[in-house]
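Heads up, the thing below is written out as structure tokens.
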Amino acid sequence: MATRSKVWISLLLALAVALSSPAVRAEEAAAAAEEGEAVLTLDVDSFNEAVAKHPFMVVEFYAPWCGHCKALAPEYEKAAKSLSKHDPPIVLAKVDANEEKNRPLATKYEIQGFPTLKIFRNQGKNIQEYKGPREAEGIVEYLKKQVGPASKEIKSPEDASSLIDDKKIYIVGVFTEFSGTEFTNFMEVAEKLRSDYDFGHTLHANHLPRGDAAVERPLVRLLKPFDELVVDSKDFDVAALEKFIDASSTPRVVTFDKNPDNHPYLMKFFQSSAPKAMLFLNFSTGPFDSFKNVYSAAAEEFKDKEIKFLIGDIEAAQGAFQYFGLKDEQAPLILIQDGDSKKFLKDHIEADQIVSWLKEYFDGKLSPFKKSEPIPEANNEPVKVVVADSIHDVVFKSGKNVLIEFYAPWCGHCKKLAPILEEAATTLKSDEEIVIAKMDATANDVPSEFEVQGYPTMYFVTPSGKVTSYDAGRTADEIIDFIKKNKETSGATTTTSEKAADPATTAETVKDEL
């Protein structure tokens, strides 16, 4: 998946968090502050020292304006107080990634939205996403497991009963002995993926609750609460093990609704780089069962294709509808986003059209669609408005030097930047070779020439087609100085555009209404 799509993944994952986050009163946060914080506050100056000092530390990257961060704060503090008494102590820390001086940390650790929690192990040599609960008791329970062995030995059926939850994925290595290449590779994968899954190892498959007990060891057995309940693999190559776990640990058809039990699979679905087929309809009205049955059969028919399937309730998937520019009245609809972020859409689809439409996609017979706002009839302000249908004409074919900002309407940094861009554009309006423009990246598809990982992101495009990430300051004078230093004079010949490096931007996430 193109890097620019990370922003919409953050939006959708934030929705999942919002649906499962506990409600928190403001007085609870105030009370926690009065008692003194157990959470360690870090910044860019103290961060590396803290990581080096603590072999295991959890860091929350937050923004003061973020509603989800405010909801998490008292729960995180309660967990920190409890975990400080653990032997050894488990340290919880936080960084204001919204603060200017700390933005290099947000960039370094690829913070795409708030709050983001990461686990730092072995003095930062191993960094993993925190994917556990967001309430105090769950945080404590999850992190206690994270500091123990990556895989627990199963010595009896009683051990298996206490460790294996039939509502969760559990991965067990079955061995003849706890040594050798296979066991070493299994433990390496368990350590690497321990924040995502629970692992166990045993000498006896008959201790396990499901699957054939008469197995040829060694093998890896994945137990899951969906589709086929037991899947085995005998390939102990590390990369092959990871691929097996990834492929087997997501339902053949992921459900996007308000049920928190589905959220882990939803996150894995959107984080995957594979093409994605998404069927959206109203779960509470209409022929839901017939659509689900046909769609599940289609997922089975095309299981050998590199594509993942999702069925979503339009009431729960408004974030996706906003991102893709869809309307409720278009449902039932099916949408495919491929690995190059091209999108293919069939709205008002009937259940009996699903398979044939998918076949057309796999046969390359479908034309992609583009999300775009209407081209403005009047565009007389100093900062020009650009949409997906006009961006190539304004930016690449105008023969001008164009500074373009990609923004989100809800983004606080974008609102702060708006009058500054206006001032710079007003100052430069007499130079006919310069254009300052902006595009709402939440309402328009961003062309492949640009990578938008956060808001605001700015690029500078010259008449010759050279694309440069804007990495200067955010004052009007600094913007003007950058443009003057990088502008090309008229008459330059058009060449193939050069892609710039990833933009150094600080990601923001959706507002509290999600």
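The values are calculated or read from the model by the stated rules, or taken from the named source; none is laboratory data. Keep in mind that this is a model prediction, so the values were computed, not measured. Glycine gets a Cβ as well: all are built from the backbone with ideal geometry, and neighbour counts include every protein chain shown. Remember, those area values only see protein heavy atoms, side chains included, never the ligands or the DNA or RNA. Shrake-Rupley method; radii C 1.70, N 1.55, O 1.52, S 1.80 Å.
Heavy-atom accessible area of THR181 with all protein chains present, probe 1.4 Å, nearest 10 Å²?
Surface accessible to solvent at THR181 totals approximately 90 Å².
Can you classify the range 46-105 as rounded, prolate or oblate using the Cα gyration tensor, where a ≥ b ≥ c are the square roots of its eigenvalues, rounded means a/c under 1.5, and otherwise it's prolate if a/b beats b/c and oblate if not?
oblate
Would you be so kind as to identify which of VAL140, VAL95, SER84 lies farthest towards the positive end of the dipole of the range 60-160, taking Lys and Arg as +1 and Asp and Glu as -1 on Cβ and the Cα centre as origin?
Looking along the dipole axis, the top candidate is VAL95.
Dipole of the range 84-235, Cα-centred, from +1 at each Lys and Arg C-beta and -1 at each Asp and Glu C-beta, to the nearest 20 debye?
Dipole size: approximately 560 debye.
Give me the accessible area of ARG474, 1.4 Å probe, in Å² rounded to the nearest 10.
Per-residue accessible area (ARG474): approximately 80 Å².
Please report the antiparallel percentage of DSSP beta bridges with both residues in the chain, rounded to the nearest 5.
50 percent
For the chain, what is the charge dipole size about the Cα centre, in debye to the nearest 20, if Lys and Arg each add +1 at the Cβ and Asp and Glu each add -1 at the Cβ?
Once rounded to the nearest 20, the dipole reads 500 debye.
How do PHE450, PHE362 stack up against each other in accessible area, from largest to smallest, with a 1.4 angstrom probe?
PHE362, PHE450
Is the shape of the range 119-199 best called rounded, prolate or oblate, per the rule: a/c under 1.5 gives rounded, else a/b larger than b/c gives prolate, else oblate, with a ≥ b ≥ c the square roots of the Cα gyration tensor eigenvalues?
Note, shape of the range 119-199 comes out oblate.
Using Cα atoms only, what is the angle between the long axis of helix 136-147 and the major principal axis of the chain, expressed in degrees (0 to 90) to the nearest 10?
Between helix and principal axis, roughly 70 degrees.
Here are some values of P(r) over Cα pairs in 20 Å bins from 0, in percent: [x] 21, 53, 24, 2, 0; [y] 20, 48, 29, 3, 0; [z] 19, 51, 23, 6, 1, 0. Which one was computed from this structure?
[y]
Would you mind checking the pairs LYS125/LYS370; LYS118/LYS370; LYS303/LYS397; LYS53/LYS192 and listing those with alpha carbons more than 31 angstrom apart?
LYS125/LYS370; LYS118/LYS370; LYS303/LYS397
As a test of reading the structure, rank LEU219, LEU229 by solvent-accessible area (1.4 Å probe, protein chains only), most first.
I get LEU229, LEU219, largest accessible area first.
Looking at HIS201, THR176, ASN126, which one has the Cα that reaches farthest to the positive end of the dipole of the range 104-218 (charges on Cβ: Lys, Arg +1; Asp, Glu -1)?
After comparing all options, I get ASN126.
In degrees from 0 to 90, rounded to the nearest 10, what is the angle of the helix 238-248 Cα long axis to the longest principal axis of the chain?
Once rounded, the angle reads 90 degrees.
Taking the Cα centre of the chain as the origin and placing charges on Cβ (Lys, Arg +1; Asp, Glu -1), which of VAL58, VAL294, SER367 is farthest toward the positive end of the dipole?
VAL58
Using a 1.4 Å probe and counting only protein heavy atoms, arrange TYR170, TYR407 so the residue with the most accessible area comes first.
Most to least solvent-accessible, the answer reads TYR407, TYR170.
Quick check: from the Cα gyration tensor, does the range 269-363 come out rounded (a/c under 1.5), prolate or oblate?
oblate
Keeping all protein chains in the complex and leaving out DNA, RNA and ligands, what accessible area do you get for GLU360 with a 1.4 Å probe, in Å² to the nearest 10?
Near enough 80 Å² of accessible area.
Placing unit charges on C-beta atoms (Lys and Arg positive, Asp and Glu negative, everything else neutral), compute the dipole magnitude of the range 406-462 about its Cα centre in debye, rounded to 20.
Approximately 320 debye in magnitude.
Quick one: compute the contact order of the chain, relative version, from alpha carbon pairs under 8 angstrom and 6+ residues apart, as a percent.
Averaging sequence separation for qualifying contacts and normalising by length gives 14 percent for the chain.
For the range 47-123, which chymotrypsin sites (Phe, Trp or Tyr not before Pro) are both in a DSSP coil and crowded by at most 15 other Cβ atoms within 10 Å?
Sparse-neighbourhood loop chymotrypsin sites (Phe, Trp or Tyr not before Pro): TRP65.
Any chance you could count the Lys pairs in the range 208-279 whose alpha carbons are under 17 Å apart, treating pairs 8 or more apart or on different chains as valid?
Going through the range 208-279 pair by pair, I get 6.
Averaging sequence separations of C-alpha pairs under 8 Å and six or more residues apart, then dividing by the length of the range 259-402, give the relative contact order as a whole percent.
22 percent
Calculate how many DSSP beta bridges within the range 270-383 are antiparallel, expressed in % of all such bridges and rounded to the nearest 5.
So the antiparallel bridges in the range 270-383 amount to around 60 percent.
Relative to the longest principal Cα axis of the chain, at what angle does helix 412-427 sit, 0 to 90 degrees, rounded to 10?
20 degrees
Under a cut-off of 16 Å between alpha-carbon atoms, report the lysines in cross-link reach of LYS70, not counting same-chain residues fewer than 8 places apart.
LYS78, LYS94, LYS511
Only sites in a loop by DSSP and with at most 13 other Cβ atoms within 10 Å count here; which GluC sites (Glu not before Pro) in the range 448-483 make the cut?
Answer by residue number: there is no such site.
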